[in-house]
Amino acid sequence: MTSRGRATVASISAIGFAAFIWLVGPISAVGSGEGPPPVSAASPLLGATEDENGPTRAPEFLLERPPITRAALDLPVTGESPGEPVGMSPGRLFEKIPAPTGQEFTVEYTLDADLMRQVFRTLKNGRVDLGNVIVMDPNNGHVLAYASTDAKRFPPTRSYPAASLVKVITAAAALDRAPETARLPCRYRGSPYRLTKSRLDPPDRGNEVTLRKALATSNNQCFAQLAVHAVGVAPLIEAIGRFGWLNAPAPAHAPGEADPGEDRYDVGRLGCGLSGCRITPLHAAQLAASLVHGELVAPRWIERVWSPDGRELALPPEAPRREVISQELTSELRTMLVDTTRSGTARRAFRKRNGRPLLGDIRVAGKTGSLSGKDPDGRYEWFIGVAPAENPQIAIATVVVNGPLYWRTSSQIAADVLQRIFCEKGRCDVAKAERFGRPAPATKMARVDPTRSGKARP
């Protein structure tokens, strides 16, 4: 990375590293009996606010841990143990966590037990060696699934090359700052994926595509041109930061990085995803969730916490949401991104062998990304998406690292997970997603004519 214009943050702090140790530690089973064990005489609990009855707020060491993630399918589930605190939600995962003083707190997660098992089965059936999958409710930020095939070799808390996912932010910034320029047809020559310094400027003659087509096919030349001519270096970095990529998305997760480099070629490469940007899988899930209401949604994975004597403890208030893009442009972007799964880079993943849509009438707005990287070595393949596209209730982010020989792409893993969420016995129904949370408020998608470059029509 260069020093000029650098927008980067240090790696995980000592607290984050300590929290990561919890990620790979054992999950203790919920005890049997009539209720939680009585509180014992001990020193004040780390990070907890106390009154005469003990702690009143959840201690910090619990809040600074990442979600549990296991490849095993025998996770503890609420409703299966007589020792659980009263009021725990059916189907949620929970954990008994010892405090440094030796006492045990009970944590109920927003993670859905059945969905977690389904995700891990998908990863196992796809023979994915290194992969992370995050499923969120984009309307309240609840993390419904947080799965990693190997939390030591490929931890979901670290940052990795963002690849073409950054094209979503570049498109949003271009549509916001220079809508007339962004909606003009893009002209390019040769392979749309090959970028050179001479191809930063539109050629006099060549192929032409709309922004919608360029986004669906992940055209590097078109998005490098957008970054250089329609957005600019400072606004691009500002947009990346506005979407939350320069901060840690949640406790125990690394911040993202964005480096604009030294010249316009570096800016073009940043804007199309060829270099300069790193994110965690949770950043990717946040980006997907922002395509619902145009707001940055803070991920949450702790539903409730009980003290050792069975009292429910207060959690910090939810972080206020802030708008990152207007609702009109959010709707337009979702409309464009449907083409990714219908005719673009993820079309094969979302179709059956007979060519029919995998999810029936349910449309998915998505974006793929692919870029070679190190530590671990391999081809980093991303997919983000929201479904159903018209009124999203599920946001998903997947990333896998593939070598020369592999069986499933990131898009295929995401498609399989969404099929398990929405479909049963060959029939797909939007209502099936409602079992994971409250239904999404109605949203409005702009009707965009793919043959025109003008503004969206409501």
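The values are calculated or read from the model by the stated rules, or taken from the named source; none is laboratory data. Because the structure is predicted, anything quoted here is derived from the model rather than measured. Cβ sites come from the backbone with ideal geometry, for glycine too, and all protein chains shown count toward neighbours.
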Looking at region 362-389 only, could you name the residues that are out of contact with any strand residue (DSSP E or B) (no Cβ under 7 Å at 6 or more places or on another chain) and surrounded by fewer than 18 Cβ atoms within 10 Å (Cβ to Cβ)?
Lys374, Asp375, Asp377
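Looking at Leu282, Leu270, which one is touching a residue at least 12 places away in the same chain (Cβ under 8 Å) and more than 19 Å from Pro66 (Cβ to Cβ)? Break it down into steps so the answer makes sense when it comes.
Details: Leu282 fails: more than 19 Å from Pro66 (Cβ to Cβ).
Answer to the check: Leu270.
So, in region 126-143, of the ones that are among the hydrophobic types (A, V, I, L, M, F, W, C) and surrounded by fewer than 24 Cβ atoms within 10 Å (Cβ to Cβ), which residue ends up nearest to Ile421 (Cα to Cα)? Lay out the reasoning, then the answer.
Initially, region 126-143 is screened for residues among the hydrophobic types (A, V, I, L, M, F, W, C), giving 128, 130, 133-136, 143.
Subset that is surrounded by fewer than 24 Cβ atoms within 10 Å (Cβ to Cβ): 130, 143.
Values: Leu130: 22, Val143: 14 Å.
Per the criteria, the residue is Val143.
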Quick one: what pairs do we get from region 359-377, first residue modelled with pLDDT under 95, second surrounded by 14 or more Cβ atoms within 10 Å (Cβ to Cβ) and of a type in the set (Lys, Arg), C-beta under 7 Å, 6+ apart or different chains?
Ser372/Arg379
Restricting attention to region 99-125, which residues are surrounded by fewer than 18 Cβ atoms within 10 Å (Cβ to Cβ) and closer than 28 Å to Ala414 by Cα?
Asp114, Arg121, Lys124, Asn125
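Residues of region 257-297 being part of a loop (DSSP other than H, G, I, E, B) and within 13 Å of the chain's Cα centre (by Cα), which ones?
Filtering region 257-297 down to residues part of a loop (DSSP other than H, G, I, E, B) leaves 259-263, 273-276, 280, 294, 297.
Matches in region 257-297: Thr280, Val297.
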Among the numbered criteria (1) at pLDDT below 95; (2) touching an Asp or Glu at 6+ places or on another chain (Cβ under 8 Å), which one does Gln225 miss?
(1)
When restricted to Leu195, Leu226, Leu175, Leu184, the only residue touching a residue at least 60 places away in the same chain (Cβ under 8 Å), under 23 Å from Leu337 (Cβ atoms), assigned to a helix (DSSP H, G or I) and not basic (Lys, Arg) is Leu175
How many of the residues in region 212-223 are out of contact with any helix residue (DSSP H, G or I) (no Cβ under 6 Å at 6 or more places or on another chain), buried (at least 24 other Cβ atoms within 10 Å of the Cβ) and assigned to a helix (DSSP H, G or I)?
0
